[in-house]
Each structure stands twice: as structure tokens, then as C-alpha cells.
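K.L.:
Before I ask anything, let me first share the structure, which is written out below as C-alpha cells.
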Amino acid sequence: MSSREPRASGYFRSSYDQGLRLIETRTQWTSLIAFLLALGAFPFLATSFQLDLACQVFLAVIGSIALMLLTGYAGQVSLGHAGLIAAGAFTAGILFKEFGAKFWITIPAAAAMGALIGLIFGLPSLRLRGLYLAVSTLALHFIVIYLGGEYETKRGFSTGIVIDAPRIGDLVLRDRKIWYFVLLAFAAVTLLISLNLLRSRTGRAWAAIRSHETIAEALGIGVAGHKLLAFVISSSMTAVAGALFSYYRGFVSVEAFSLFLSIQYVAMIIIGGMGSLLGAILGAIFVTLLPYVIEYAVGLLPNARSYAGMLAAFNYSAFGIVMILFLVFEPQGLVGIWRRVQNYFLLWPFKQKPLGGGRR
Amino acid sequence: MQLAINIAVLAAIYALIACGYVLIYRVSRVLNLAHGELMMLSAYLLLTTASLFSKNPLIALTAAVFLSLCVGVLVYLFLMRRMTGEMVLAAVLTTVALGVLLRGLVVLIWSAQQQNPAQALGWANYSIPVFGAGRISAAGAALIAVTTLIYAGLFLFLRFSRYGIRMRAAGQNPLLAAQRGISLHVIYALAWGLSTFTGAMAGILISLDSGLDSTMVLIGLKAFPAALVGGLDSLVGALLGALIIAAAEVLMIYYVDALLSDVVPFLVLILMLIVRPWGLFGTREELDRV
């Protein structure tokens, strides 16, 4: 349990309450406040393009935190994440198009839809494990996408559904700066909910199920219920991300939710580091920004013009290579690297932790 | 009649692809989700060898199939070998990553346009009338013949040859097999080679029949339900599963809606997972012990 490791160079906790605190030391307070100030100041300094990137990162963060809860903590593998994002986006799109619903109706509706689909995604998990579960979520992904495509063609929106920008009173959410803060708020709330879930009974039950289902059952944890709960919570968060995505883009179409998107989300939590919320965030940032880095790097090549049409192919290749490198050489992900750096400075001038972990 | 022929051809395609999944899963319990991409790579390799040996198409075919076999072995040696002993899921995700990488590389090397290897070989795909009532394309007929041959060959290989028996032993219990002096790495590499070999046959024949572009990956993925419905570790099951999936798909397209074609295999898959997760002929996973 990473977040429960003491962050200072010694072990200073003297009661159980202190172990539950999210923020323990003064350094953490100051760095948190500095980070929040930086986040608040960012939109006033950044260009429009950078703001767009930040918004995409926030959307990805919501999705990857949701997947991390499910896979990294509860141990239930899902390869159908894009299907859930699509479900959220289509719920918002359809409600808007058919009933002209406002966004404070569509977003809760998307969450409810996500919960429902999560329940369906989760049902196979009661019988299946590991590989087979991954396959069943993969199959459900195709079914959700099919339903979305069917709606598009039958209702005559074959190129996609256009959604107007949401408005609160007279304020129309079109400016990137406002979007930045809205998405930041949603991401922060998702993070807080997850942090609180994980330090509560539910989170510990999930960890037990991930480690060993039979033992968890023997310890008196309702395995079936907690598994379904993990699916429901994760899916409804994901669906909200999907609905926000559809509003942000102003456009919904099945093409955006290919299997590759699911793979990208799985890659986020692997590259970030399994079983860590910080990992989910780092992974989301990494995977979202990678294509832009590639685009920049390809632009630096001699006669870059001729490669312009092949950008997607470069993206795929680089993405595959990065994912393989992380799986083979750094299974702990970015968080593993981060912890090693942190430990280096915590222990300096020594190299190893004292035997017994130094936590007495 | 035409429906029956369509079902037979599609079943042959799915069976030929599915046996690649089964071979690897049976031997090493790893699900190779890059099978579709490897298949596509083989078809593109044929494109290259066809332009190299434009005079004699048979040499081009053999070279392409041989190259794909080597690709399979190399994939094991340089990538999957590192993942043996890791969590199964990590290995599966590695194959997913490999698939993404291959998809990018193929477009980088051969461009994303639709290609036609049959043309490059100088072959025309003509259709043959069957029993007066239906027609089958030459490539389709070849598919059925090759699938039959490969299944017969695999059956004989696994049942009677020395390495086939070793492969089954390694699949049943890797630890005991290793103790009896079977080199697991050789066996696993062989399984990967064989699997890409059968995948290559499938990819090449499909591309001869209906051209070649990145949609072939989807065909590879749709064949996976066939393997699972039959039982992931049973070749007979893969054959039967392919027949079921193909029949369901063709009939649904014919009677209900053509858009369904991409979903039907997965619907059958989910049904099967709910009713009997280990498939028709598969072995049941062991009970959990603490």
C-alpha cells in the first residue's frame, strides 16, 4: 500500500488515526498548496494549444483512475474501457439530441448508465477470472460500440452526433479556460472519491480480493458484492468522463471509441504503475502527451513533409514499443521510478534501507 | 446452397486462425492477442516476396510462409521468453503491445492502401460452380483444403511425433515436463513458430481471396471466439467452434442485418462464457486452493 508508506525519513506515527490521514507532514502541505497554485495559474499563462492538452489530460485522468480502481486495486481486468467511455458519451449525446436535455441531467444520467453497464460488465466476473474476464469485457466493448453505431445509422446521424456547448445561466461553456477549471474540478473530485474509498473498508476489501479471492471470502468479505461494486463505481466514473468528453469535443461518433482506446487506457495504468493512484495520473499524462511528442519528433526528421501522412503509424509503433519496454523492463511503471528516486533522497547518504524496513 | 458454401469457407477461415490461438494457449497458457497482426504481417511479407520472385509464385509463397515461421520463433525468443514465469496477464498485455507495434510497422513499411497479393503473383481469382447451385472462389476452395490438411497434420504431429508429444507434455505440466528433460524454451518457440505458420497460411489465403489491408486484424480477433467456444486448449473444439461461429454469423447477416457481422462472434462468446466458460471441449480450470 504505497500511500500508507511513511513519506518522511523516519516513522513518526503514534496512533492509527495518523495512518489514515491523507496529508501527514508540513512539507506535503506546502507542496500541495504550491501545486494547486500552479494548477490555478496555468490557464492564464498557457497557450490555447497547451490548455487543450491539459483538458485532454484531465479527461484521461478520470478514466485512468477509474480503471486503476478496477484493475490496479480490485484486480479485475477490463479490456472494454473504451466501451464504457462510449456508453457515457452516447448517453449524453442521445439525451441531448432526442430530448434536448441539459447537462445537469445528462451527466448524472451518464453516471447511472455507466453504473448499469458496469453491473452487466461485472456479472461475468462472478464466474470468470483473469484472462477469461478480460475476454468477456472485450466482447462487451464490441457490443456497446455496435449499439452506438446502430443508433447513429438508424437515426441518420451516420457521421456522428453534434452536441451544443452546455450553458449555466448566461455562461456558455465554450472558452477553454472555463473548461480547464471544470475538468480539473471533475478530476479532483474523482481523485478524492477514490482516495477515500481506498482508505475505507471497501478499498481494503478490494485489496484482499485482488490478493486472493478464496482467502478474502474466508475472511468474511462479500466477494461477489465487492467485485460488482468495483465494476459499478469504476464504470460510472468512466461514463462521466465519456459524457464530459462528448461535451468538450461537441461531437460523438463511434469511430472515436475503437479498441485502441481501451488499449491506451490499459497502457496508462501499466506505464503509470499498477496499484497506485499517482501512477494512474502519471500514466494518463504520459499516454496523452506521447502522440504530440511523436508528432514533434517526426517534424524534426529530414524531409518531414513526406512523413506527414504516416503520423498515425508512427504513433502506433512508438506506443507499442513504449508499452513493451515498460512491461519487460519496468513492470512497476513510472511510479516505480519515482519511488526509487524518492528513496534515494530519503536514504541519502546511505544506499539501502536498514534490515526490517526501518519501520519500528 | 450458397449459404452452406459461405458458412464452410468462413468456418475454414476461423478454424485456421483459431488453431493458432489454441496452439499457444495449450502449450504456454498465454493468449496471443497479436495473432491477427501476425497474420496480416505474413500477408504483407507475401507481397514483398511476390515482387522479389515475380517469375515463380510458388517460391514466393513458400518464402513468405517460411519467413512468417521465423517471425514467430523470433517473437518468442526476443520478447515472450522474457515474459515466461511472469503473471499471465502481463504476457497477454505484451502481445497486445506487440500487436499495436506491428500495426504501426506494417503501415510504415507497406503503406495503408489496400493491396492485392493475388495480382502481384499474377493469379486471377475465378469462381468455380459447385453442384450447379452455388459458386465458390478458387481461394475459398484452397482455404477449405488447406484447413483440412493443416488440422490433419497437426493431429498427426501432436499424436505421434516426438516433438508433438513433448508439446502436449509441456502444456499439461511444465514443471514435470522440464524435469523429464524437455527444454521448455524450445517447445514454446516451436509452438509460436507453428502458430504463426498456421496464421500465415490463413492471412495469405484471405488476402488472395479478398485483398489486403488493416481490416484483417479484425478477422483475426473475430476468430478468437471460435477458439474459446470450442475450448481454448482443444483443437477439435476450435474446429467445431469455428463452425458454430461461422454459421451464426452468416445466418445472422442473411436473415437479420449485415451490420451484425462484427458483433455476432462476440455475442456467442459472451453466451458461452456465461454458460460454460471452459468451452465445449476444454478442460476445466482447477479449483482454488489456499
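K.L.:
How about segment B:247-269: which of its residues are touching a residue at least 24 places away in the same chain (Cβ under 8 Å) and more than 12 Å from chain A (Cβ to nearest Cβ)?
P.N.:
Filtering segment B:247-269 down to residues touching a residue at least 24 places away in the same chain (Cβ under 8 Å) leaves B:247, B:249-251, B:254, B:262, B:265-266, B:268-269.
Of everything in segment B:247-269, those that are touching a residue at least 24 places away in the same chain (Cβ under 8 Å) and more than 12 Å from chain A (Cβ to nearest Cβ) turn out to be B:A247, B:E249, B:V250, B:L251, B:Y254.
Listed here are the residues, each with its yes/no results for (1) out of contact with any Asp or Glu (no Cβ under 9 Å at 6 or more places or on another chain); (2) modelled with pLDDT of 85 or more.
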{"site": "B:S210", "(1), (2)": "yes, no"}
{"site": "B:M216", "(1), (2)": "no, yes"}
{"site": "B:P265", "(1), (2)": "no, yes"}
{"site": "B:I270", "(1), (2)": "yes, yes"}
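K.L.:
Something else now. So which residues in segment B:64-83 are within 12 Å of chain A (Cβ to nearest Cβ) and open to solvent by 40 Å² or more (accessible area, probe 1.4 Å), if there are any at all?
P.N.:
B:F78, B:R81, B:R82
K.L.:
Is there a residue in segment A:162-179 that is β-branched (V, I, T), modelled with pLDDT under 90 and open to solvent by 60 Å² or more (accessible area, probe 1.4 Å)?
P.N.:
Pass one, segment A:162-179, residues β-branched (V, I, T): A:162-163, A:168, A:172, A:178.
With modelled with pLDDT under 90 added as a condition, the list becomes A:162-163, A:168, A:172, A:178.
Okay, now just the ones that are also open to solvent by 60 Å² or more (accessible area, probe 1.4 Å), so A:162, A:168.
Looking through segment A:162-179, at least one residue is β-branched (V, I, T), modelled with pLDDT under 90 and open to solvent by 60 Å² or more (accessible area, probe 1.4 Å).
K.L.:
When residues of segment B:180-214 are filtered for being open to solvent by 10 Å² or more (accessible area, probe 1.4 Å), under 23 Å from B:Q119 (Cα atoms) and more than 15 Å from the chain's Cα centre (by Cα), how many remain?
P.N.:
Residues meeting the conditions: 6.
K.L.:
Given the structure, is A:P302 within 7 Å of chain B (Cβ to nearest Cβ) and not acidic (D, E)? First the steps, then the outcome.
P.N.:
Details: within 7 Å of chain B (Cβ to nearest Cβ): no; not acidic (D, E): yes.
When the stated conditions are applied, A:P302 does not pass them.
K.L.:
So how many residues does segment B:1-50 have that are open to solvent by 20 Å² or more (accessible area, probe 1.4 Å), more than 22 Å from B:T215 (Cα to Cα) and touching an Asp or Glu at 6+ places or on another chain (Cβ under 7 Å)?
P.N.:
Of the residues in that region, 1 qualify.
K.L.:
Turning to a different aspect of this structure: List every residue pair whose Cβ atoms sit under 7 Å apart, with the two residues 6 or more apart in sequence or on different chains, where the first one lies in segment A:67-88 and is open to solvent by 10 Å² or more (accessible area, probe 1.4 Å) and the second, anywhere, is part of a loop (DSSP other than H, G, I, E, B).
P.N.:
Matching pairs, first to second residue: A:T71/A:V77; A:T71/A:S78; A:Y73/A:G275.
K.L.:
Whether any residue in segment A:238-246 is assigned to a helix (DSSP H, G or I), touching a residue at least 24 places away in the same chain (Cβ under 8 Å), open to solvent by 30 Å² or more (accessible area, probe 1.4 Å) and touching a helix residue (DSSP H, G or I) at 6+ places or on another chain (Cβ under 9 Å) is what I want to check.
P.N.:
Filtering segment A:238-246 down to residues assigned to a helix (DSSP H, G or I) leaves A:238-246.
With touching a residue at least 24 places away in the same chain (Cβ under 8 Å) added as a condition, the list becomes A:238-246.
Imposing the further condition that a residue be open to solvent by 30 Å² or more (accessible area, probe 1.4 Å) reduces the set to A:245.
Then keep just the ones that are touching a helix residue (DSSP H, G or I) at 6+ places or on another chain (Cβ under 9 Å); that gives A:245.
The answer is yes; a qualifying residue exists.
K.L.:
Just give me the residues in segment B:84-138 being part of a loop (DSSP other than H, G, I, E, B), over 27 Å from A:V298 (Cα atoms) and either polar (S, T, N, Q) or within 14 Å of chain A (Cβ to nearest Cβ) (or both), in sequence order. Talk me through it step by step, then tell me what you get.
P.N.:
So the first thing to find is which residues in segment B:84-138 are part of a loop (DSSP other than H, G, I, E, B), and the list is B:84-87, B:111-114, B:116, B:122-126, B:131-133.
Next cut, over 27 Å from A:V298 (Cα atoms) only: B:84-87, B:116, B:122-126, B:131-133.
Those that are part of a loop (DSSP other than H, G, I, E, B), over 27 Å from A:V298 (Cα atoms) and either polar (S, T, N, Q) or within 14 Å of chain A (Cβ to nearest Cβ) (or both): B:T84, B:G85, B:E86, B:M87, B:N116, B:N125.
K.L.:
Also, I was wondering about something else. Where the second residue is of a type in the set (K, R) and open to solvent by 10 Å² or more (accessible area, probe 1.4 Å) and the first is part of a helix (DSSP H, G or I) and lies in segment B:16-29, which pairs have Cβ atoms under 9 Å and are six or more apart or on separate chains?
P.N.:
B:I17/B:K222; B:R26/B:R168; B:V27/B:R168
K.L.:
Just checking, which of B:S42, B:S54 is touching a residue at least 60 places away in the same chain (Cβ under 8 Å) and in a loop (DSSP other than H, G, I, E, B)? Outline the logic, then answer.
P.N.:
Numbers: B:S42 fails: in a loop (DSSP other than H, G, I, E, B).
Within the list B:S42, B:S54, the selection yields B:S54.
K.L.:
Here's another thing I want to ask about it. Just checking, does segment A:274-281 include any residue being closer than 23 Å to B:L218 by Cβ, in contact (Cβ under 8 Å) with a residue 24 or more places away in the chain and within 12 Å of chain B (Cβ to nearest Cβ)? So that I can check it myself, show each step before the final result.
P.N.:
Of segment A:274-281, the ones closer than 23 Å to B:L218 by Cβ are none.
No, that holds for no residue.
K.L.:
If you go through segment A:178-199 one residue at a time, do you hit one that is hydroxyl-bearing (S, T, Y) and free of Cβ contacts under 8 Å to residues at least 24 places away in the same chain?
P.N.:
Of segment A:178-199, the ones hydroxyl-bearing (S, T, Y) are A:180, A:190, A:194.
Subsequent filtering for residues that are free of Cβ contacts under 8 Å to residues at least 24 places away in the same chain retains none.
No, segment A:178-199 contains no residue that is hydroxyl-bearing (S, T, Y) and free of Cβ contacts under 8 Å to residues at least 24 places away in the same chain.
The values are calculated or read from the model by the stated rules, or taken from the named source; none is laboratory data. Predicted model only: the values in this text are computed from it and were never measured. Note that we place each Cβ from the backbone using ideal geometry, even for glycine, and neighbour counts take in every protein chain shown. Heavy atoms of the whole protein, side chains included, go into the accessibility calculation; ligands, DNA and RNA do not. Shrake-Rupley method; radii C 1.70, N 1.55, O 1.52, S 1.80 Å.
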